[in-house]
Amino acid sequence: MAGVTFREAARKKILWMALIAGLGFLVLFAVGLHAQMGTFQERHVLPFIRSQVFSGMLMLGMYAIDLLVVVMTVLTSVDTLSGEISSGTIQAVATKPVRRSELLLGKWLGFAGMLTLYIAVMVLGANEVARLLTGVSARHIGQGFSLIWMESMLLLSVTFFFGTSFSTLTNGVLALGLHGLAFLGGWIEQAGALTNTPKAVDVGIVASILMPSEALWRRAVFEMQSPLATATNFSPFSGASVPSSAMVGYAVLYMTVFLVLAVRRLNGRDL
């Protein structure tokens, strides 16, 4: 089922269009870094300042990639269950000697494989472009990649769960809406930490409990960006409030629970 899902995405050109768009982003990112490098050379900017600026640009590039990953995760998977249930096409598979849990988990694995490939191309590609052009690379690229991947898998599980109960449009609105809540809460938490406003920090923590996707990104950028940028807040991504390892563990549990609930919901509903 995972292989069928992957091949179906390839036939629909979802995977190829996503990769082409991703490669276009990497080309644009490389052009921007090259232009900035030329300006620094003309002005004889100190190497230390150069490296910090390029490190910041790399993190901004990673931030854009993270947003692309979120959108790709939801848009590619939003119709896979809700659309098939509403149209009745899922009955062609569900009536065969295959368990519904195997059907759902197989589809989940298929999308997971596709998204893993996309994330690897984008994250590792951006890091390599920055390293080749500027000599700067992410501090802990493996940990950053793993956390961004986990964010995608969490959203995939949430989208699958909503897909077992709601229409495609409602599914997309709920999944992106929850992430939007987490996104806003994350920025409120960072602002509260910088201005020493405990209530604002609490708002961000509550938002992360409701939906921990943005917390995974904030932990990822903490792992990848320069320690100096984190310590001095020389970055849009403040180190004043960094999600803990416990929050990362909670996100893993959150993802698992939603995937289990999706299986139970599909098993218990009429198709």
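Any read-out appearing in this document is the output of simple, stated calculations on the displayed coordinates, not a laboratory observation. Worth saying up front: this structure is predicted, and the values here are computed from it rather than measured. Every residue, glycine as well, gets a Cβ built from its backbone with ideal geometry; the counts of neighbours run over all protein chains shown.
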If we sort 216-224, 28-36, 138-146, 111-119 on the protection proxy, mean other Cβ atoms within 10 Å, highest first, what's the order? 216-224, 111-119, 138-146, 28-36
Counting residues in region 174-271 as N, plug N into 2.2 N^0.38 Å and put the Cα Rg over that result. 1.26
Cα pair distances in the chain, grouped into 5 Å bins until the bin that holds the longest one, percent each: 1, 6, 12, 15, 16, 15, 12, 9, 6, 4, 2, 1, 0, 0
Helix 14-43 axis, angle to the chain major axis (alpha carbon atoms, nearest 10°): 10
What relative contact order, as a whole-number percentage, does region 2-268 give when Cα pairs under 8 Å and 6 or more residues apart are counted? 24
Rounded to whole Hz and in sequence order, give me ³J(HN,Hα) for region 200-214 from the Karplus expression 6.51 cos²θ - 1.76 cosθ + 1.60, θ = phi - 60°, writing x for Gly and Pro. 5, 4, 4, 4, x, 5, 4, 4, 5, 5, 5, 7, x, 4, 5
Taking the Cα atoms only, what angle lies between the long axis of helix 47-77 and the longest principal axis of the chain, rounded to 10 degrees? 10
Segment Arg131-Ala231, extension gain: residue separation times 0.36 nm, minus the distance between their alpha carbons: 33.7 nm
Could you pull out every residue, at least 5 positions away or on a different chain, whose amide H is within less than 5 Å of the one on Val78? Hs are placed 1.01 Å off N in the peptide plane, and Pro or chain starts have none. none
Quick one: dipole size for the chain, taken about the Cα centre, charges +1 on Lys/Arg Cβ and -1 on Asp/Glu Cβ, in debye to the nearest 20. 460
Classify region 131-206 as rounded, prolate or oblate, taking a ≥ b ≥ c as the square roots of the eigenvalues of its Cα gyration tensor: rounded when a/c is under 1.5, otherwise prolate if a/b is larger than b/c and oblate if not. oblate
So what is the calculated 222 nm ellipticity per residue for the chain, using -39500 (n - 2.57) for each DSSP H run with n of 4 or more, over all residues, to the nearest 500 deg cm²/dmol? -27500 deg cm²/dmol
At 0.36 nm per residue, minus the direct Cα-Cα distance, what do Ala64 and Leu109 gain on full extension? Give it in nm, one decimal, please. 13.7 nm
